[in-house]
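The values are calculated or read from the model by the stated rules, or taken from the named source; none is laboratory data. Just so it is clear, the model here is predicted, and its values are computed rather than measured. Note that each Cβ is placed from the backbone with ideal geometry, even for glycine, and that neighbours are counted across all protein chains shown. What goes into the accessible areas is simple: the full protein's heavy atoms, side chains included, and nothing from ligands, DNA or RNA. Shrake-Rupley method; radii C 1.70, N 1.55, O 1.52, S 1.80 Å.
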Amino acid sequence: MRHIYKYTSPACNKMVLLVIATILAMGNTLIAQDTTATSATEDTSASTVVKKKYVKSTFEGNYLIDEQTVMVPIKGTLEFGIHHRFGPTNNGFTDLFGIFGGANMRLGFAYVPISNLQVGFGANNNNMVVDFNAKYALLKQTKDNRMPVSVTLYANAAMDTRKRTSSLPIVTFSDRLTFFNQLLIARKITNAFSVQAGINLTHFNNVEGYYDDNKNILPKLKNDHLSFCIGGRYKISEKTAIIVNYDQPLTQHPMNNPNPNLSIGLDMRTSGHDFQVFIGNYGYTLPQDNNLLNHNDFTKGQFVIGFNITRLYNF
Amino acid sequence: MKKLSIAFVFAIGIVSASFTIMQQQAPKPWNVPDADAKKANPVKSSSESIASGKEVWSLHCMSCHGKTGLGDGKKAAQLKTQPSDFTKASFQSQSDGSLFYKVVAGRGDMPSFKKKIPEKEDIWNVVNYMRTLKK
């Protein structure tokens, strides 16, 4: 007989290494960028310097449905975001296609203190999780095509803040933590059409486990999960775009393998707001939850309606 | 009696709306410092510059100034000051430097775009785009 039991990775320190590696990688990039800038200045005496012109508005804002975009707003921008993922649409008018069936929500703030770097935090109602995140534009597509793509790194750390009880699988502090790292690459192909792909690494310090027939505790899921995403935007008017995204899990787990996600929606942008409404399979507001725990299946018509609203302030 | 009440409510609504419209002021003269007015446009008007300017216009300007610069954007009616008609000679006779200054400085309902559009080239592109609105 099998019992459900919490399984903590013996190698949960890997998450610390993961965070350190991410910070080091970002640090190296910052130094590398500074070095490049110095070289360009030195070159001015020798020859005419052509200022790099970056391609703008690859996407309308920070989000492409459930994913980040390569975009980092201009320095001094404060973003307030409201994210909703409603219940399953399967019940039809009974709960108005899930809209009245409860929702996962996130309220978040993000700020751009220096060019190309955004830092933020958010609060999620699912398990009362708080998240801290950083996003750095490593490379930006240039108009002369010398740099044909934009590349951005995104990382977050999230913590389950619920009070510890015997019914929750939380023993130590590290059991509360989950992480998500993402490398995004995008290209604005025409003024209307942009595409983006990304590779994602999710890490849960603590995953659900079970007793096998020999009373050994085994994990249902691996602690690390790899996936990729691909998406795009097509502008149908000056302020409105169709947005799509697809996520494919890559890691095979002992059981409870997560399902892929297919989503489509509309993006409406104004000077200070970005509003997205969409339908898709992902029902959580944090990328690590979506990537590891999604069991909505588009082949079975299991979709949820959701929206992202962001308000931008410039300081 | 019911029809009369409905008609009365409509009448009140129309009168209120007309007051709102009547209260919108015509733009006052906006003096630009000489040095700014004489500033030359460093970005040559080209299809690329105009396309870039149009993109910025669509995002930041169109909601008040309208798609073609007539001052008939969706938000225009909520403003205290009626946005100018950019298609007219009175607007188009201003120097590029004056238009650049007004976008950067802002006044009253017109916000400053100094922080929202941090790159000067983008603002000059908008100036080049505004020239295409002339009729």
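Angle check, please: helix B:96-105 long axis (alpha carbons) against the longest principal axis of chain B (alpha carbons), in degrees 0 to 90, nearest 10.
60 degrees
Go through B:Lys54/B:Lys114; A:Lys235/B:Lys44; A:Lys52/A:Lys75; A:Lys135/B:Lys116; B:Lys75/B:Lys116 and tell me which ones have a Cα-Cα distance over 23 Å in this structure.
A:Lys235/B:Lys44, as the Cα separations exceed 23 Å there.
Can you pull out the trypsin sites (Lys or Arg not before Pro) in the range A:187-258 that DSSP calls coil and that have at most 11 other Cβ atoms within 10 Å?
Qualifying residues, ordered by number: A:Lys215.
Throw me the Rg/Rh for the range B:27-131, computed over C-alpha atoms with Kirkwood Rh, two decimals.
On the Cα set of the range B:27-131, Rg over Rh gives 0.93.
Using 7 Å Cα-to-Cβ label points, what is the A:Ile99/A:Asn191 separation (nm, one decimal)?
About 3.4 nm separates the two model spin labels.
For a label point 7 angstrom out from the Cα of A:Glu208 toward its Cβ, which stretches of the range A:227-266 have the backbone nitrogen within less than 15 Å?
So the set is A:253-259.
For A:Thr142 and B:Ser90, what is the calculated FRET efficiency with R₀ set at 35 Å and r taken between the beta-carbons, to the nearest 0.05?
0.30
For chain B, what is the mean residue ellipticity at 222 nm derived from helices alone (per DSSP H run of n ≥ 4: -39500 (n - 2.57); sum divided by total residues; nearest 500 deg cm²/dmol)?
-14000 deg cm²/dmol
Can you divide the C-alpha Rg of the range A:194-314 by 2.2 N^0.38 Å and report the result to two decimal places?
Taking the Cα Rg and dividing by 2.2 N^0.38 Å, one obtains 1.28.
Taking the Cα centre of the range B:27-131 as origin, sum charge times position over the Cβ atoms of Lys and Arg (+1) and Asp and Glu (-1), and report the length of that vector in debye to the nearest 20.
280 debye
Rounded to the nearest 100 Å², what is the buried accessible area between B and A, both sides summed, probe 1.4 Å?
The summed interface area works out to 1500 Å².
Once phi is turned into θ = phi - 60°, what whole-Hz ³J(HN,Hα) does the Karplus curve with 6.51, -1.76 and 1.60 give for every residue of the range A:151-157, x standing for Gly and Pro?
Working through the residues one at a time gives 10, 9, 10, 10, 9, 9, 10 Hz.
Computing the accessible area with a 1.4 Å probe over protein heavy atoms, can you report the carbon and sulfur percentage for the range A:150-264?
C and S atoms contribute 63 percent here.
What residues does the range A:223-252 have that are buried by at least 10 Å² of accessible area in the full protein assembly compared to the chain on its own, 1.4 angstrom probe?
A:Lys235, A:Glu238, A:Lys239
Would you work out which of A:Phe275, B:Ala7, A:Gln182 lies farthest towards the positive end of the dipole of the protein assembly as shown? Charges go on Cβ: Lys and Arg +1, Asp and Glu -1.
Looking along the dipole axis, the top candidate is B:Ala7.
For the modelled label position 7 Å from the Cα of B:Asp34 along Cα-to-Cβ, which residues of the range B:63-106 have backbone nitrogen atoms closer than 17 Å?
Under 17 Å, as judged by backbone N against the label point of B:Asp34, lie B:95, B:97-98 of the range B:63-106.
Report the percentage of all Cα-Cα pairs in the protein assembly as shown whose separation exceeds 32 Å, rounded to a whole percent.
Counting pairs separated by more than 32 Å, the tail of P(r) holds 50 percent.
Which distance in nm do the two modelled labels at A:Ala123 and B:Ser46 give, with both placed 7 Å along the Cα-to-Cβ direction?
If labels sit at A:Ala123 and B:Ser46, their model points lie 5.1 nm apart.
For the range A:209-222, just list the computed ³J(HN,Hα) in residue order, Karplus coefficients 6.51, -1.76 and 1.60, θ = phi - 60°, integers in Hz, with x standing in for Gly and Pro.
Karplus-based 3J(HN,Hα) across the range A:209-222 equals x, 8, 8, 7, 5, 9, 6, 8, 8, 10, x, 6, 10, 6 Hz.
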